[in-house]
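A.B. asks: Below are the structure tokens for one structure; questions will follow.
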Ligand SMILES: [Zn+2]
Ligand SMILES: [Zn+2]
């Protein structure tokens, strides 16, 4: 694969993503709960979801969903800035200082960014949906998702995926909901029936999203619930702590039964930066153990960002491109993950869910076999 970034359509001088960031900065400067605060926030949300860039198009802004007249006026002003740098200057003037939260919005992608990055074709373009065989981070209504398992199963098999890895939370997780050991057993029986009915065209493996406690221990593994093929292990607490959390992640990666390190940094768009850690050390451990690093495609997470993903690729890590879907419309978040993989120039061969069913299930079995 080429070491150059993929050739893609050039970004317009003013992007929806930069306007959305500016709107959020203005929202944060308003009185919390006030009308302007919520209007700017809702307009930013809309802009991040639009498939087309607004710059250079004739669009009645106030007709867009969630865009008030007041927000439309602001967007108009930002579009007239002629560059993303111009937006920063205008924003600084409006706020009378630099956006204090700008680092929390760096290296995220809008839907239009994702479409542009994935539009590049040709040999050097990098990973695309045609390489993708199945999602490896999925929630149902048994934990904190909205889809029932049969509906999720049907949606993925109808999309033409080859396999999937089901990853509801376990009970101990700090996140809402969560399954007990017997609930995972029930899920396994339900999956066996669905997999049988699919007749080999599509297969869903039973996993879990295990929680990594502050000491690096894991709340659920195949050693405790043998019905599980393996787990995605992720952090959900202490995400704002200033302390270094290398030991926590290393211990999790070294736990038998862990196949994937989920949303490694725990960052959230406009909310938190995520943990501090010695990333080269973590990636080295993951590469040695054959544990995949997740490129979480949820637009609020995009975790890892491209530069860290590139570092992990250089360390020889495997990757999982995944949606972390909690609802049907989230299934397309895998495209965001693919866009990050492209920006980080990750070769398809290093991404476990581009592999054939046989190779993928062998890898999953190897992750599991350390503990049973
Ligand atoms: Zn999670
Ligand atoms: Zn999740």
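Only the coordinates and a few stated rules stand behind these numbers; no lab work does. Bear in mind that the values here come from a model prediction, so they are computed numbers and not experimental data. Virtual Cβ from ideal backbone geometry, glycine too; neighbours counted across all protein chains shown.
A.B. asks: Can you tell me the orientation of helix 69-79 relative to the chain, as the angle in degrees between its alpha-carbon axis and the longest Cα principal axis, to the nearest 10?
C.D. replies: With rounding to tens, the tilt is 90 degrees.
A.B. asks: Taking the chain as a Gaussian network, where each spring joins two C-alpha atoms under 10 Å apart, which residue of 359, 342, 159 fluctuates the most?
C.D. replies: 159
A.B. asks: If you average the alpha carbon positions of region 336-372 and of region 196-232, how far apart do those two centres end up, in angstrom?
C.D. replies: Here the two parts' Cα centres lie 15 Å apart.
A.B. asks: Please tell me the relative contact order of region 153-254 in percent, rounded to the nearest whole number, where contacts are Cα pairs under 8 Å and at least six residues apart.
C.D. replies: On the way: 161 pairs, mean separation 28.2, N = 102.
Computed over region 153-254, the figure is 28 percent.
A.B. asks: Can I ask one more? Order the peptides 292-300, 361-369 from the highest to the lowest mean number of other Cβ atoms within 10 Å of their residues. Please report the intermediate quantities before stating the final value.
C.D. replies: On the way: 292-300: 24.9, 361-369: 16.3.
The packing order, highest mean first, is 292-300, 361-369.
A.B. asks: I need the shape label for region 99-192. Rule: rounded when a/c is under 1.5, else prolate if a/b > b/c, else oblate, with a, b, c from the alpha carbon gyration tensor.
C.D. replies: Numbers: a/c = 3.12, a/b = 1.40, b/c = 2.23.
Judged from the Cα gyration tensor, region 99-192 comes out oblate (a/c at least 1.5, b/c at or above a/b).
A.B. asks: OK, next. When 283, 357 are ordered from fewest to most other Cβ atoms inside 10 Å of their Cβ, what list results?
C.D. replies: Values: 283 24, 357 14.
Lowest to highest Cβ neighbour count: 357, 283.
A.B. asks: Rounded to the nearest 5, what % of the DSSP beta bridges within the chain are antiparallel ones? Let's see the in-between values first.
C.D. replies: On the way: 3 of 25 bridges.
Percent antiparallel among DSSP bridges in the chain is about 10.
A.B. asks: Can you give the extra length, in nm with one decimal, that the chain gains between residue 49 and residue 243 once fully stretched, where that is 0.36 nm per residue apart less the Cα-Cα distance?
C.D. replies: Net length gain for the segment: 66.4 nm.
A.B. asks: Between residue 284 and residue 366, what's the calculated FRET efficiency when r is the beta-carbon distance and R0 is 25 Å? Round to 0.05. Can you show the working numbers first?
C.D. replies: Working: r = 19 Å, r/R0 = 0.76.
Efficiency for this residue pair is about 0.85.
A.B. asks: Work out, step by step, the length gained on full extension between residue 271 and residue 193: first 0.36 nm times the residue separation, then minus their alpha carbon distance; give nm to one decimal.
C.D. replies: Details: separation 78, 0.36 × 78 = 28.08 nm, distance 4.13 nm.
Extra length available between residue 271 and residue 193 comes to 24.0 nm.
A.B. asks: Continuing with the same structure: Pairs of alpha-carbon atoms within less than 8 angstrom and 6+ residues apart define the contacts here; what relative contact order does region 214-372 have, in percent? Intermediate values should be presented prior to the final figure.
C.D. replies: Details: 314 pairs, mean separation 36.4, N = 159.
Once normalised by length, the contact order is 23 percent.
A.B. asks: Report relative contact order for the chain in percent, whole number only (criteria: Cα-Cα under 8 Å, sequence separation at least 6). Could the numbers behind the result be given before it?
C.D. replies: Values: 775 pairs, mean separation 61.8, N = 372.
Relative CO of the chain lands at 17 percent.
A.B. asks: Can you sort 165, 184, 55 so the residue with the fewest Cβ neighbours within 10 Å comes first?
C.D. replies: Ascending number of Cβ neighbours within 10 Å: 55, 184, 165.
A.B. asks: Related question: Specify the inter-centroid distance of region 68-131 and region 134-175, based on alpha-carbon positions, in whole Å.
C.D. replies: 31 Å
A.B. asks: Exposure proxy check: 360, 78 ranked by fewest other beta carbons within 10 Å?
C.D. replies: Numbers: 360 21, 78 24.
Ascending number of Cβ neighbours within 10 Å: 360, 78.
A.B. asks: Per-residue ellipticity at 222 nm for the chain, helices alone: DSSP H runs ≥ 4 residues times -39500 (n - 2.57), over residue total, nearest 500 deg cm²/dmol? Show your work: numbers first, answer last.
C.D. replies: Working: 12 runs with 141 residues, N = 372.
Result for the chain, helices only: -11500 deg cm²/dmol.
A.B. asks: While we're on this one: Looking only at 262, 122, 134, which one moves most when the chain is put into a Gaussian network model with springs between Cα atoms under 10 Å?
C.D. replies: Sorting by GNM fluctuation, first place goes to 122.
A.B. asks: Here's a follow-up. Which FRET efficiency value, to the nearest 0.05, do you get for residue 120 and residue 185 by plugging their Cβ-Cβ distance into 1/(1 + (r/R0)^6) with R0 = 35 Å?
C.D. replies: Values: r = 45 Å, r/R0 = 1.29.
Efficiency at R0 = 35 Å is approximately 0.20.
A.B. asks: Now a separate question. May I ask you to derive the FRET efficiency for residue 11 and residue 93 from their Cβ-Cβ distance with R0 = 30 Å, giving the value to the nearest 0.05?
C.D. replies: So the FRET efficiency works out to roughly 0.80.
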